[in-house]
Each structure stands twice: as structure tokens, then as C-alpha cells.
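The values are calculated or read from the model by the stated rules, or taken from the named source; none is laboratory data. Note that the structure is a prediction, hence the values are computed from the model and not measured. Neighbour counts are summed over all protein chains in view; Cβ atoms, including those assigned to glycine, are modelled from backbone coordinates with ideal geometry. The area values use the complete protein model at the heavy-atom level, side chains included, leaving out ligands, DNA and RNA. Shrake-Rupley method; radii C 1.70, N 1.55, O 1.52, S 1.80 Å.
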Amino acid sequence: MEEKVVLVTEKDEVLGLMEKMQAHENGILHRAFSVFLYNSKGEMLLQKRAAEKYHSPNQWTNACCSHPRMEETYEQAAKRRIKEELGIDCELEEKFWFIYKADVGQNLWEHELDHVFVGNYEGEFNLNKEEVAEVRYISLENLNIELENNPENFTEWFKIILEEYKHHF
């Protein structure tokens, strides 16, 4: 099945649908969401993208990022994808949204109106190995050290979203 993204204006007004790869090749603004999950120690969950992903394989990123479908709210989409990717359910709270554009290599762009959600999760994961190679929790202090020493190990959008996230908290 061809996956489509919802094209929008900078005010989140729907313009229509486009095949995901075409939107990424042309850097066209579309809806997205990002989920940050924490454990009881305040550590952030990171996921390592599967080696088979068509862009940014084997790179670390936040718990979950994806795109809502046309008739889906941002929150519904976020809950759907954490179930599909991580095999979990948890409560999420939307914190903010912003627009960014990131070069993800191979002449592909993420140009997204991104709604950012936060949640807490303690428990087991049932990873979808086509999406996620592994997960781990990390303290923000250690994350900052890793990002400084090895930025190439992290997705471009995660670096952008994390900086924006820090401005809101």
C-alpha cells in the first residue's frame, strides 16, 4: 500500500495528500508528530531505526516519529504508531508544535509541521523489527555528551526537535 502524507500550510490548513516518498524528495510541508517517552528516573527513551529503513537507518532518534493519516488526529496517530513500532500503549500529552526542514541525505528532506507529545512508560516493549532495531533509556546529561561526540549516530530531525524541545522546558 502506498503511504501518503497530509500536505499543509504553515497554519496547518490541509492542502491534500501526496505519496510520502514524493513529499520527501521535494521537501514539501506535511503533517508529522514526535513522541518523547520517559521512565521514572527521568531518562529519555531512544529508538535505533532498523537497518532496512530507506533513510537514516541504524541511527538513534526519539521514541517515535511518523505522520498522521488524513482522518486521524495527531494524538490518535501518535498512539497508533507507538503501538505499531514499540508494541506499547501509554498516555500522551501534546506539548507544542513547530515547523522544521531537515536534509536526511540521499536527496530527501523532512519538511514537517510537527506536533510533539510527551509520555511516561515503564515496562516491556514488543518491537516491530522492520521499524526499530533496539531501544534504550538515557539520561539527558549522557544524551548531550553522545550528541556532542557522535552527532552522526542520531537522526537529523531528532537533533532539531530536541533543540526546540529544550526551549519549551
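For the reader, a short list of remarks on this structure follows.
- Within the straight-line cut-off of under 23 Å between alpha carbons, the lysines reachable from K48 are K20, K79, K83, K101, K129, K159, K166, sequence neighbours fewer than 8 places apart in one chain being disregarded.
- Near V8, once Lys and Arg are set to +1 and Asp and Glu to -1 for all other residues with Cβ below 12 Å from its Cβ, the sum equals -3.
- For L17, the shell of other residues with beta-carbons less than 13 Å away shows a net charge of -1, using +1 for Lys and Arg and -1 for Asp and Glu.
- Carbon and sulfur %, accessible surface of the chain computed with the full protein complex present, 1.4 Å: 45 percent
- In terms of its C-alpha gyration tensor, the range 44-169 comes out rounded, because the ratio a/c of the largest to the smallest axis stays below 1.5.
- Taking all protein chains into account, the per residue accessible area for the chain stands at 51 Å² (1.4 Å probe).
- CD proxy at 222 nm, helix term only [per DSSP H run n ≥ 4: -39500 (n - 2.57); per residue of the chain; nearest 500]: -7500 deg cm²/dmol
- Taking every DSSP beta bridge that has both ends in the chain, the antiparallel portion is near 75%.
- Net length available on complete extension from Q22 to K101 is 26.9 nm, with 0.36 nm assigned per residue and the Cα-Cα distance removed.
- Amide H contacts of S66 (H built 1.01 Å from N, under 5 Å, at least 5 apart or other chain): F33
- Across the range 1-112, C-alpha contacts under 8 Å between residues 6 or more apart give a mean separation that, scaled by the residue count, equals a relative contact order of 26 percent.
- E163 versus V14: modelled label distance in nm, points set 7 Å from Cα along the beta carbon direction: 3.3 nm
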